[in-house]
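Engineer: One structure, pasted below without further comment.
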Amino acid sequence: MLFNRHKLEIPTADQALRGREEQWFSIADQHKVLDAPVVTDESTIPDGFEVALFGLGCFWGAEEIYWRMPGVWSTSVGYAGGTTPHPSYEEVCSGMTGHTEAVRVVFDPTRVSYADLVKAFFEFHDPTQGMRQGNDVGTQYRSAIYTLSPEQEKTAQQLRDAYEAELVRRGIGRITTEITPAPTYYYAEDHHQQYLAKNPNGYRCHSNTGVPFPADV
């Protein structure tokens, strides 16, 4: 059960792995691509910058999508939306923590809007697949937008509805993306941070529905 990589139901709090009281590994201070730290908080984020949190399948490719966007200051990958505190990658993959693989994005809203980040989120993966993304199957690959303000929640819901209408019109299906207030975010182990910068020929899994975001939205 622990290493069942195809678990399709999120465990209850009673079923979830116990986890740990604190992070047990260190993370490199400097981002491998961007001129910014990897681990960020209010003391390190420039004034006026904002944070976004998304789950769109394997976090290796998800992070690369966002660090390439102009206006993004820093990115990191981690685990969100589950019960187990400070999980390991193997535990998340077991399906017994409830977490999805997530990318945390710190951005300059004067250069890239939250709406632009959400549009990229929808265009760079298939948000209709439930507990999977392409060949990657399991609860950790589910589609999720974790919002950090009422304004983010409203924007995410409006853009989801607009994109879903287009997907339904084309006969692709309805969106399964969960949109909820941001839960606790746990950083992933150091070797997962900026994985594709460290391993340029590494696994890239992201594909989308082939449907661009409606131009009038």
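Engineer: In region 23-47, how many residues are out of contact with any helix residue (DSSP H, G or I) (no Cβ under 7 Å at 6 or more places or on another chain), in a loop (DSSP other than H, G, I, E, B) and not charged (D, E, K, R)?
Structural biologist: 11
Engineer: For residue 31, state whether it is within 25 Å of residue 164 (Cα to Cα) and surrounded by 20 or more Cβ atoms within 10 Å (Cβ to Cβ).
Structural biologist: Spelling it out, it is not the case that residue 31 is within 25 Å of residue 164 (Cα to Cα) and surrounded by 20 or more Cβ atoms within 10 Å (Cβ to Cβ).
Engineer: Here is a follow-up. So which residues in region 117-152 are among the acidic types (Asp, Glu) and open to solvent by less than 10 Å² (accessible area, probe 1.4 Å)?
Structural biologist: Pass one, region 117-152, residues among the acidic types (Asp, Glu): 123, 126, 136, 151.
None - no residue of region 117-152 is among the acidic types (Asp, Glu) and open to solvent by less than 10 Å² (accessible area, probe 1.4 Å), so the list stays empty.
Engineer: Let me ask something else about it. Identify all residues within region 41-52 that are touching a residue at least 24 places away in the same chain (Cβ under 8 Å), open to solvent by 10 Å² or more (accessible area, probe 1.4 Å) and not aromatic (Phe, Trp, Tyr); write none if there are none.
Structural biologist: From region 41-52, those touching a residue at least 24 places away in the same chain (Cβ under 8 Å) are 45-46, 48-52; that's our starting set.
From what is left, the residues that are open to solvent by 10 Å² or more (accessible area, probe 1.4 Å) are 45-46, 48-51.
Listed by number, the residues that qualify are 45, 46, 48, 50, 51.
Engineer: Return yes or no: is residue 50 among the acidic types (Asp, Glu) and in contact with a Pro (Cβ under 8 Å, 6 or more places away or on another chain)?
Structural biologist: yes
Condition check ((1) in a loop (DSSP other than H, G, I, E, B); (2) surrounded by 20 or more Cβ atoms within 10 Å (Cβ to Cβ); (3) touching a helix residue (DSSP H, G or I) at 6+ places or on another chain (Cβ under 9 Å)) across all residues:
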| residue | (1), (2), (3) |
| --- | --- |
| 55 | no, yes, yes |
| 66 | no, yes, yes |
| 70 | yes, no, no |
| 82 | yes, yes, yes |
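Engineer: In region 167-177, which residue that is touching a helix residue (DSSP H, G or I) at 6+ places or on another chain (Cβ under 9 Å) and open to solvent by 40 Å² or more (accessible area, probe 1.4 Å) is nearest to residue 127 (Cα to Cα)?
Structural biologist: Here the answer is 174.
Engineer: Taking the stated definitions as given, is residue 114 under 30 Å from residue 24 (Cβ atoms) and open to solvent by 10 Å² or more (accessible area, probe 1.4 Å)?
Structural biologist: Spelling it out, it is not the case that residue 114 is under 30 Å from residue 24 (Cβ atoms) and open to solvent by 10 Å² or more (accessible area, probe 1.4 Å).
Engineer: Let me ask something else. Of the residues that sit in region 178-207 and are of a type in the set (Val, Ile, Thr) and either open to solvent by 70 Å² or more (accessible area, probe 1.4 Å) or touching a residue at least 60 places away in the same chain (Cβ under 8 Å) (or both), which one is farthest from residue 20 (Cα to Cα)?
Structural biologist: Looking at residues that are of a type in the set (Val, Ile, Thr) and either open to solvent by 70 Å² or more (accessible area, probe 1.4 Å) or touching a residue at least 60 places away in the same chain (Cβ under 8 Å) (or both), I get 180.
The values are calculated or read from the model by the stated rules, or taken from the named source; none is laboratory data. Computed from a predicted structure; not experimentally measured. Every residue, glycine as well, gets a Cβ built from its backbone with ideal geometry; the counts of neighbours run over all protein chains shown. Heavy atoms of the whole protein, side chains included, go into the accessibility calculation; ligands, DNA and RNA do not. Shrake-Rupley method; radii C 1.70, N 1.55, O 1.52, S 1.80 Å.
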